[in-house]
1. In this structure, is A:G49 within 18 Å of the chain's Cα centre (by Cα) and not charged (D, E, K, R)?
2. Looking at A:A199, A:A260, A:A235 in this structure, which one is among the aliphatic types (A, V, I, L, M) and either open to solvent by 70 Å² or more (accessible area, probe 1.4 Å) or within 21 Å of the chain's Cα centre (by Cα) (or both)?
3. May I ask you to list the residues in the range A:165-214 that are within 18 Å of B:H124 (Cα to Cα), aliphatic (A, V, I, L, M) and touching a helix residue (DSSP H, G or I) at 6+ places or on another chain (Cβ under 9 Å)?
4. Out of A:E244, A:E233, which single residue is closer than 26 Å to A:L100 by Cα, in contact with a strand residue (DSSP E or B) (Cβ under 7 Å, 6 or more places away or on another chain) and among the charged types (D, E, K, R)?
5. When C:T126 is evaluated against the numbered criteria (1) touching a strand residue (DSSP E or B) at 6+ places or on another chain (Cβ under 6 Å); (2) part of a loop (DSSP other than H, G, I, E, B), which criterion, by number, is the only one it fails?
6. Looking at (1) without any contact (Cβ under 8 Å) to a residue 40 or more places away in the chain; (2) more than 21 Å from B:Q20 (Cβ to Cβ), which is the one condition that is false for A:I201?
7. If the requirement is being at pLDDT below 95 and among the acidic types (D, E), which of these qualifies: C:D172, C:D194?
8. Can you work out which of the residues in the range C:106-148 that are within 14 Å of chain B (Cβ to nearest Cβ) and of a type in the set (D, E, K, R) is farthest from the chain's Cα centre (by Cα)?
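The values are calculated or read from the model by the stated rules, or taken from the named source; none is laboratory data. Predicted model only: the values in this text are computed from it and were never measured. With ideal geometry, Cβ positions are generated from the backbone for all residues, glycine too; neighbour counts draw on all protein chains shown. Areas reflect the complete protein model, heavy atoms only, side chains present, ligands, DNA and RNA absent. Shrake-Rupley method; radii C 1.70, N 1.55, O 1.52, S 1.80 Å.
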Amino acid sequence: MHPIITLTTDFGTADGFVAQMKGRIIGINPRARLVDVTHDIEPYAIMGGALVLRGILESFPPGTIHVAVVDPGVGSNRRGMVMRLRDQVFVGPDNGLFSLIGNAEEPREIREIRNPLYVSPDPHPTFHGRDVFAPVAAHLSAGKDFDSIGPLIDDPVVLSLPEVHSYPQGLDGEVIYIDQFGNVVSNIPADTIDRPVAAVIVGEYSTDGLNRFFGQVEEGRLLALINSFGLLEIAVNRGNAAEELEVAIGDRVGLLWKEASGGVAP
Amino acid sequence: MHPIITLTTDFGTADGFVAQMKGRIIGINPRARLVDVTHDIEPYAIMGGALVLRGILESFPPGTIHVAVVDPGVGSNRRGMVMRLRDQVFVGPDNGLFSLIGNAEEPREIREIRNPLYVSPDPHPTFHGRDVFAPVAAHLSAGKDFDSIGPLIDDPVVLSLPEVHSYPQGLDGEVIYIDQFGNVVSNIPADTIDRPVAAVIVGEYSTDGLNRFFGQVEEGRLLALINSFGLLEIAVNRGNAAEELEVAIGDRVGLLWKEASGGVAP
Amino acid sequence: MHPIITLTTDFGTADGFVAQMKGRIIGINPRARLVDVTHDIEPYAIMGGALVLRGILESFPPGTIHVAVVDPGVGSNRRGMVMRLRDQVFVGPDNGLFSLIGNAEEPREIREIRNPLYVSPDPHPTFHGRDVFAPVAAHLSAGKDFDSIGPLIDDPVVLSLPEVHSYPQGLDGEVIYIDQFGNVVSNIPADTIDRPVAAVIVGEYSTDGLNRFFGQVEEGRLLALINSFGLLEIAVNRGNAAEELEVAIGDRVGLLWKEASGGVAP
């Protein structure tokens, strides 16, 4: 079989940097099969990269190796790491980029990249994507042992999503991501929405309940739905919600139940 | 051999949505060979997608499967479809996206996607690209029978290009597409241009006859030629015609013959 | 094994032009393995393409075939060419696009594309990428003989990088490229920097010496380093140097030694 290696970076595609990574990988393991996830993570946006990586986990088969490089600390003493979770492997900087993947309690094995046999002889201090992470992924795809990469890490850098607050009338969260359609993604997960919803509120706008898909409201109208990441999302049917509502990452998102839980009177 | 699956969407590449489709395909058929056509169709622009798909038909070998998703009606009751034409297969929403491919009279077989075995168990209502169309394409590439997808459709949604009007002095068409170079593509097909051309007119600008390639006029000068789609195109040598002429989709394009057909006097 | 064919163009990815090239390649040689370098070279920017191609040489294994199309002269009498250098092959227009690859003195064999068996029967005058260069690369990848492409070229079009001037106090160069991060790349090669550096100067800004990686200065601060192409680069840690310094291609870049060579007095 051809082992899959995916690539996720903030390198853009204009300069050929990603192709340099691919050339290195194929040079080490000509059987590797390369799949681009994205190279358009906003430069240095570790959280954005972490959310995209979280989103792809379920779609790839066991054995997939994911290389990801959003790495403002390249060249410094930040560690390089490999992580094994649900039979998939992640390779990149230890800066939180992989910390939102899977459930927080799920077992994962993390090792520091130390074995000099798996990296380029003289890694360029600004391009570990090409000289460290790509070669490590290629060697792993060629059957090298995960344990041989380096020692265990038990204190990886961890990002956390902002907390969702629950109160009798509803939930209180915030915008954590805006996708290319301008859909506004909140931190409110589907499984916390366990009762009928009266409205979702962002800024001075509010929706009429919760919908299942875009076309349930008229073109140009606001709606909320559970998106394909399993998170509450605010969208405009055939429109760009982030622009039309002037919403940005960090803005608050409220959700109101149809009937408040608990009552103030008997 | 490795069956080819191409992907055409309006998802952009920033969010990892396309990678989720690819992961699903490879998970079902590891032998599938993936080729991106574009993910930069303007959001919801079914006509733009239809024109790009029309343009690629001739370049791919028999057996190619094309998945395309420009799908503002996702989740609603619009049908999903597969279409077979000239030994190639197209998979996506039945919204007109595939209706400009090939000649209008050419035979094609269209079926509705109904077989639950070929789609994800619980398709997300906003992401049929990942949960319906990608799996269907993967199963077809793995040898599943076209007929087993679902019942025949005999009334697919059809887009039509605006009509070209012919009159004694010339032709009257309009702008239907603007490419990344800013070249202005009209709906006037090469085979209607059967006489020497005096000028092509768009807005207040006109060309000096018809050229064969860009470099036949000086840098910065306007020209018209038959483009690689077989359509009349207005361009600026080494420039961006759409910007410089302030032309938009829907603007009229006129063509004047050197000698009008028929005469007003004996 | 699967021969590698890379693609570098200024076509963008929106219109499906690159996919048409890929379809043609796979149609001729289904075993070819395709790797995108970039399709975002600035339109008609031969120098930009030449620098990106220069950057990828070291990362690809022997036998790789690189197709590159930045081709404002398409359709005119500019020649098509194939070049062999260090066991890699380059296919595209003879307009200087391949002239910065490798060391200037390094042996290379260049031939003109003339053999009609290797190109599409009736190449479209605006799309040699699809009808000439892609098929030639595909045939070469399928084992066709390099010598059979056409006659030797001994006067290829050659671009040259602007010269770096050395004087006792330092070096005087200029900006030749700006990457997607806004890093400002000069024409000053690493091997000319053979002494301690006091400062690198661009416009009214100057750095404090020379660094090795971005994180060695505080966020938002200017620095200079040797980039992964082996050239002197000015950057802002986690920022966009080109925008913040308002620097453009062609602007001068100065470098000052800590101690000037030679002295003015005995």
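1. yes
2. Of A:A199, A:A260, A:A235, the one residue that is among the aliphatic types (A, V, I, L, M) and either open to solvent by 70 Å² or more (accessible area, probe 1.4 Å) or within 21 Å of the chain's Cα centre (by Cα) (or both) is A:A235.
3. Those that are within 18 Å of B:H124 (Cα to Cα), aliphatic (A, V, I, L, M) and touching a helix residue (DSSP H, G or I) at 6+ places or on another chain (Cβ under 9 Å): A:V184, A:V185.
4. Of the residues listed, the single one that is closer than 26 Å to A:L100 by Cα, in contact with a strand residue (DSSP E or B) (Cβ under 7 Å, 6 or more places away or on another chain) and among the charged types (D, E, K, R) is A:E233.
5. Condition not satisfied by C:T126: (1).
6. (1)
7. The match here is C:D194.
8. Among them, the one singled out is C:D122.
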